[in-house]
Amino acid sequence: MDDNFSFRDIAELAQDVIIVTRAEPLDPPGPVIVYVNPAFTKLTGYTYEEAIGQNPRILQGLATDPETTHKIREGLNKSEPIHVAIQNYTKDGRTYWLDLSIMPLKNHAGKVSHFVAIERDVSVQKALQQQLAEQAERDPLTGLYNRRRFFEKAALSWNTYVESKQAFAILDFDIDFFKSVNDTYGHDTGDTVLQYIAHQLQSACTKEDLVARIGGEEFSMILSHVTPETAMSVAERIRSTVESTPIILASGPLKTTISIGVAVVDPRDKTIDSVLKRADQALYQSKLSGRNRSTLLPIEVRKS
């Protein structure tokens, strides 16, 4: 039986990406690539000739996690095996996710002379994980974040405020007479109203803000980098838009309004619960005062 075979043939036929670099130098222009297999060229778009003499950093970009690259560098410095997940870039700029293992290769003298990286494309699995994570924190009807995600973000906003005094506001929203909408037009129309309000709230947000459906006809928003004046301005703009823009149904236009409670974090607040409670009280005040209005409640100053 002939047991002779070529390890290069195995690498050439492998479905996983294989990259071999010299162990030294690690700093640019190293570690220098001395071998890539056909799976590498198929995944990245770089030809064999384009890759040889380069270093693996040509595959990194803005989305590549610096902590991950730091972990890789530490492993290389210690000549230790490395196993990470990393997001890299193809030649034409598309991102992909890798399950990456790097192992040191020793020469006959026992010294590490090269590193071999074996990489498996896990982009599909990562996309599925992201989709499942999104579903876990999204309201299925409106697509907004759910109650759990809202309170997580509120806690993060509070921590940021404590550390850097970056002000934020909590806005609570309630659709006026929503039960009457369901009773008169049915729950399908009620769902349409909820989706319409969600769209209006989402349109008023920046990338740093967050809006969530808390439950039923109740929504909440976290605004970043705001003063009481700007928070009220946002609230009034949303309220006015909802009031002046009827929802077009098959049966005709349907007008709806919302009540809003606003609370802006204050140096006298001791916890995030204080801000949340004040926003809820402001919303109650808006409804008590006749609905279709915005109310900002300042923090109460107790007299000694």
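Just so you know, all these numbers are worked out from the coordinates, no wet-lab data involved. What you see is a predicted model, and the numbers here were worked out from it, not measured in a lab. Cβ: placed from backbone, ideal geometry, glycine included. Neighbour counts: every protein chain shown.
Brief remarks on what is shown
- Linear extension gain, Arg237 paired with Met103, 0.36 nm per residue minus alpha-carbon span: 42.4 nm
- Whole-Hz ³J(HN,Hα) from phi, Karplus 6.51 cos²θ - 1.76 cosθ + 1.60, for the stretch 259-265, glycine and proline x: 10, 10, x, 10, 9, 10, 4
- On the beta carbon distance between Phe177 and Ala155, with R0 = 45 Å, the FRET formula returns roughly 0.85.
- A crude spin-label estimate for the pair Leu141 and Glu229, with each label 7 Å from Cα along the Cβ direction, gives 3.8 nm.
- Helical mean residue ellipticity (222 nm; -39500 (n - 2.57) per DSSP H run of 4+; nearest 500) of the chain: -12500 deg cm²/dmol
- Additional length obtainable on full extension of the chain from Val122 to Thr206, 0.36 nm per residue less Cα span: 27.1 nm
- Secondary structure note: in the chain, about 90% of the DSSP beta bridges are antiparallel.
- Max mean-square fluctuation residue, GNM over the chain, Cα-Cα springs under 10 Å, options Met221, Met232, Met103: Met103
- Ser113-His199 pseudo-label distance in nm [points 7 Å out on the Cα-to-Cβ vector]: 6.7 nm
- Cβ-Cβ FRET estimate between Arg148 and Thr184, R0 fixed at 51 Å, reported to 0.05: 0.95
- Angle in degrees between helix 147-164 and the longest Cα principal axis of the chain, rounded to the nearest 10: 80 degrees
- In the chain, the longest principal axis of the Cα atoms and the axis of helix 187-203 are about 70 degrees apart.
- Segment Thr69-Thr90, extension gain: residue separation times 0.36 nm, minus the distance between their alpha carbons: 5.9 nm
- Rel. contact order, % - alpha carbon contacts under 8 angstrom, at least six apart, the chain: 12 percent
- Our analysis of the chain gives Rg over Rh at 1.19, with the two radii drawn from alpha carbon positions and Rh computed by the Kirkwood formula.
- Cα centroid separation - the stretch 197-220 against the stretch 51-79, whole Å: 39 Å
- Rounded FRET efficiency, nearest 0.05, which uses the C-beta distance separating Ile58 from Thr257 and R0 of 45 Å: 0.20
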